[in-house]
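The next block holds one structure in the form of structure tokens; read it before the comments.
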Amino acid sequence: MTESGESGIRLQKALAQAGIASRRNAELLIEQGRVEVDGVVVNEFGTRVDPAVSVIRVDGERIPPITAHVYLVLNKPRGVVTTMSDPQGRPCIADFVQDRPERLFHIGRLDTDTEGLLLLTNHGEFAHRLAHPSYEVSKTYVAEVDGNVKPGVLRQLLDGVELEDGPAQADTVKVVSSVKGRTLIQLALHEGRNRIVRRMFDAVGHPVKRLTRTAIGPVRRGNLHTGEFRELEGKELGQLLDLVDL
């Protein structure tokens, strides 16, 4: 936040540019004490901000800064490798965003046989933090596994199972449906070691037949079809920026 008369733009203009409200309605939000800048409630119309760095909230929700960075979510199909190029000529995620002008890279990865959500961006620090386990961004999967999974197995996954590179533990786990010889399970965890979900189910005796990542933090698959991508919504991006302290 800058003092009135210094560099930056007026707060109501920043809110209008972010698509939150018209300038007049932005003034009403400010007048009602519903806008915070860098943790301070603002009710003066002359307040100036730098939209690229100021942390602005309306009713407690983070408003993403105006930036040249791009944030996309792709619903990766099964059989596609998580790389931006492949010397063997296999389908890769670059094939789905080849019309984008930016130089994008993916955050984390999914196994070739795993489908579901991947984030792509050109914002290096955001990608580094989101992929780092210290920020504990939860990821949700739906797994179709062999066999009928009993409650004791769910408890094992919640308590933690031993893998060759250390213990792994689910944050939440529940049975979605079960038929003879097959169980559909939703599982959330906040780490991203290689093939971690498949290895956890192998460890409890229920190998994965099909695996889909359905959420990354606040980002949900929703109606995004396989092979489609979209830009993150403002609310999603604001929540992710908060999660990684940016």
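The values are calculated or read from the model by the stated rules, or taken from the named source; none is laboratory data. Model, not experiment: these values are computed from the prediction. Don't worry about glycine lacking a Cβ; one is built from the backbone with ideal geometry, like all the others, and counts go over all protein chains shown. Quick note on the areas: whole protein, heavy atoms, side chains included, nothing else; ligands and nucleic acids left out. Shrake-Rupley method; radii C 1.70, N 1.55, O 1.52, S 1.80 Å.
Exactly one residue out of GLN186, GLN156, GLN239 is within 21 Å of the chain's Cα centre (by Cα), over 23 Å from ASP111 (Cα atoms) and open to solvent by 60 Å² or more (accessible area, probe 1.4 Å): that is GLN239. Taking region 97-129 as the range and being more than 15 Å from the chain's Cα centre (by Cα) and in a loop (DSSP other than H, G, I, E, B) as the test, the residues that pass are VAL97, GLN98, ASP99, ARG100, PRO101, GLU102, ARG103, LEU104, ASP111, THR112, ASP113. Pairs linking a residue in region 130-152 that is more than 15 Å from LEU246 (Cβ to Cβ) and without any contact (Cβ under 8 Å) to a residue 60 or more places away in the chain to a residue that is polar (S, T, N, Q) and outside any loop (DSSP other than H, G, I, E, B), with Cβ atoms under 6 Å and 6 or more positions apart or on different chains, are ASN148/SER178; ASN148/THR183; VAL149/THR183.
Quick one: would you say ARG230 is in a strand (DSSP E or B) and open to solvent by 20 Å² or more (accessible area, probe 1.4 Å)? Considered against the rule, which asks whether it is in a strand (DSSP E or B) and open to solvent by 20 Å² or more (accessible area, probe 1.4 Å), ARG230 comes out as yes. Out of VAL161, VAL173, VAL137, VAL179, one residue alone is buried (at least 19 other Cβ atoms within 10 Å of the Cβ) and more than 30 Å from GLU231 (Cβ to Cβ). It is VAL173. Against the numbered list (1) touching a residue at least 60 places away in the same chain (Cβ under 8 Å); (2) of a type outside the set (D, E, K, R); (3) closer than 24 Å to LEU211 by Cα; (4) not in a loop (DSSP other than H, G, I, E, B), ALA94 comes up short only at (1).
For region 189-225, a residue qualifies if it is among the polar types (S, T, N, Q) and surrounded by 15 or more Cβ atoms within 10 Å (Cβ to Cβ), and the qualifying residues are THR212, THR214.
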